[in-house]
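**Q** Just dropping this structure here.
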Amino acid sequence: GDSVTQMEGPVTLSEEAFLTINCTYTATGYPSLFWYVQYPGEGLQLLLKATKADDKGSNKGFEATYRKETTSFHLEKGSVQVSDSAVYFCALSLTNAGKSTFGDGTTLTVKP
Amino acid sequence: EAQVTQNPRYLITVTGKKLTVTCSQNMNHEYMSWYRQDPGLGLRQIYYSMNVEVTDKGDVPEGYKVSRKEKRNFPLILESPSPNQTSLYFCASVRGSEQFFGPGTRLTVL
């Protein structure tokens, strides 16, 4: 079946450090890939997405590139802020939009 | 404002007492979905619905029921809750392949 594997957390960084959270996937077919973010006490919200190979999703300084050859969708940000502290989920969805698979989530804490 | 609402937000109940968690969306989306979130296990899909009267099992459907009688509503039903269903539950409404999540329902089954 489909699966998403995320880098284990928690991740603790100092403000302005570079962030990478690794995500790899296994899927039959050609999925769309997503990063969702969950701030404390809230539901998940979409951070960025990519729908086909070599697409780059970007939002709020975060980026991720859909790499079909390595089945990866790593999340990066050049300079993190304290306000980026949250749980980040990598996810995939196939053409049947109701069926989605999420990774376990990576908790990021950014210290001032 | 486009949103997904869930009720209740918090619920403490006892084993075997039937309960329903409601979910409603005002975006006219056809697809809706239920997830549970547990520490170390991420989000796991319970059920999803492609349209009115069309539902299908996700990865962890045991112990749950759903119904979709109207497009906007997708309630989650626990006929006989057990302690292993203590979790944080999220409803989502889907546009294309993007999910819009509700605020969550924290359920404790004693």
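**Q** Can you work out ³J(HN,Hα) from phi for every residue in region A:83-91, in order, using Karplus 6.51 cos²θ - 1.76 cosθ + 1.60 and θ = phi - 60°, giving whole Hz and x for Gly and Pro?
**A** So the J values, rounded to whole Hz, are 5, 7, 4, 4, 9, 10, 10, 8, 8.
**Q** Give the range of the longest stretch in chain B that excludes all trypsin sites (Lys or Arg not before Pro) found in loop regions by DSSP and having at most 13 other beta-carbon atoms within 10 Å. Provide the component values of the computation, followed by the final result.
**A** Values: sites that count: B:9, B:17, B:18, B:69.
Longest gap between qualifying sites, sites excluded: B:19-68.
**Q** Per residue, how large is the accessible surface of chain B? Use a 1.4 angstrom probe and give square angstrom.
**A** Values: 5210 Å² over 110 residues.
Heavy-atom SASA per residue in chain B reads 47 Å².
**Q** For region A:1-93, with every protein chain kept in place, what is the accessible area per residue (1.4 Å probe, Å²)? Mind showing how you got there, number by number?
**A** Numbers: 4450 Å² over 93 residues.
That works out to 48 Å² for each residue.
**Q** Right, another one. In whole Å, what is the distance between the alpha-carbon centres of region B:21-70 and region A:44-67?
**A** 25 Å
**Q** Roughly what would the spin-label model give for residue A:56 and residue B:20, points 7 Å off Cα along C-beta, in nm?
**A** Placing both labels 7 Å along Cα→Cβ, they lie 5.0 nm apart.
**Q** Dividing the convex hull volume of the Cα atoms of the protein assembly as shown by its residue count, what figure in Å³ per residue is obtained? Display every interim value, and only then the final one.
**A** Values: hull volume 26.4 nm³, N = 222.
It is 119 Å³ per residue.
**Q** Any idea what diffusion coefficient region A:69-112 gets from Stokes-Einstein, in µm²/s, Kirkwood Rh on alpha carbon pairs, 20 °C, 1.002 mPa s? Intermediate values should be presented prior to the final figure.
**A** Numbers: Rh = 12.6 Å.
In µm²/s, the coefficient is 170.
**Q** Turning to a different aspect of this structure: With the full set of protein chains in place, find how many percent of the accessible area of the protein assembly as shown is carbon and sulfur; take the probe as 1.4 Å. Display every interim value, and only then the final one.
**A** Values: 5160 of 10470 Å².
The value for the protein assembly as shown is 49 percent carbon and sulfur by accessible area.
**Q** Another question, if that's okay. Rounded to the nearest 0.05, what FRET efficiency do residue A:5 and residue B:95 give with R0 = 30 Å and r taken as the Cβ-Cβ distance? Could you check?
**A** On the way: r = 26 Å, r/R0 = 0.88.
Result of the calculation: an efficiency of 0.70.
**Q** Could you run the Karplus curve 6.51 cos²θ - 1.76 cosθ + 1.60 with θ = phi - 60° over region A:14-22 and give me ³J(HN,Hα) per residue in whole Hz, x for Gly and Pro?
**A** Using θ = phi - 60°, the values come out as 8, 3, 6, 6, 8, 10, 9, 10, 7 Hz.
**Q** Using a 7 Å offset from the Cα along the Cα-to-Cβ direction at both residue B:67 and residue A:30, what is the distance between the two label points in nm, to one decimal?
**A** 4.1 nm
**Q** Dividing the convex hull volume of the alpha carbon atoms of region A:5-86 by its residue count, what do you get in Å³ per residue?
**A** Numbers: hull volume 8.1 nm³, N = 82.
It comes to 99 Å³ per residue, whole-number rounded.
**Q** Calculate log10 I(q)/I(0) of chain B for q = 0.14 Å⁻¹, where I(q) comes from the Debye formula with a single equal point scatterer on each Cα and nothing for solvent.
**A** Scattering profile of chain B, log10 relative to I(0): -0.49.
**Q** Tell me, which residues of region A:64-112 get at least 50 Å² less accessible area when the other protein chains come in, versus the chain alone (1.4 Å probe)?
**A** The answer is A:97, A:98, A:99, A:102, A:104 - residues whose exposure falls by at least 50 Å² when every protein chain is included.
**Q** Take the cross-link list A:68/A:111; A:99/B:69; A:52/A:99; A:52/B:71; A:56/A:111; A:99/B:71 and give me the ones stretching past 22 Å between alpha-carbons. Please report the intermediate quantities before stating the final value.
**A** Numbers: A:68/A:111 34 Å; A:99/B:69 20 Å; A:52/A:99 18 Å; A:52/B:71 30 Å; A:56/A:111 28 Å; A:99/B:71 18 Å.
Pairs exceeding the cut-off: A:68/A:111; A:52/B:71; A:56/A:111.
**Q** Can you give the average number of partner chain beta-carbon atoms within 10 Å of each beta-carbon in peptide B:91-103, as a whole number?
**A** On the way: counts 1, 4, 0, 5, 1, 5, 16, 8, 12, 4, 7, 2, 3.
Average per residue, whole number: 5.
**Q** Next question, about the same structure. Buried accessible area between B and A (1.4 Å probe, both chains summed, ligands and nucleic acids excluded), in Å² to the nearest 100? Walk me through the intermediate numbers first.
**A** Working: alone 6000 and 6110 Å², together 10470 Å².
Adding both sides of the contact gives about 1600 Å².
The values are calculated or read from the model by the stated rules, or taken from the named source; none is laboratory data. Not measured: the values here are computed from a predicted model. In this analysis, Cβ positions are derived from the backbone assuming ideal geometry, glycine residues included, and neighbour counts consider all displayed protein chains. The area values use the complete protein model at the heavy-atom level, side chains included, leaving out ligands, DNA and RNA. Shrake-Rupley method; radii C 1.70, N 1.55, O 1.52, S 1.80 Å.
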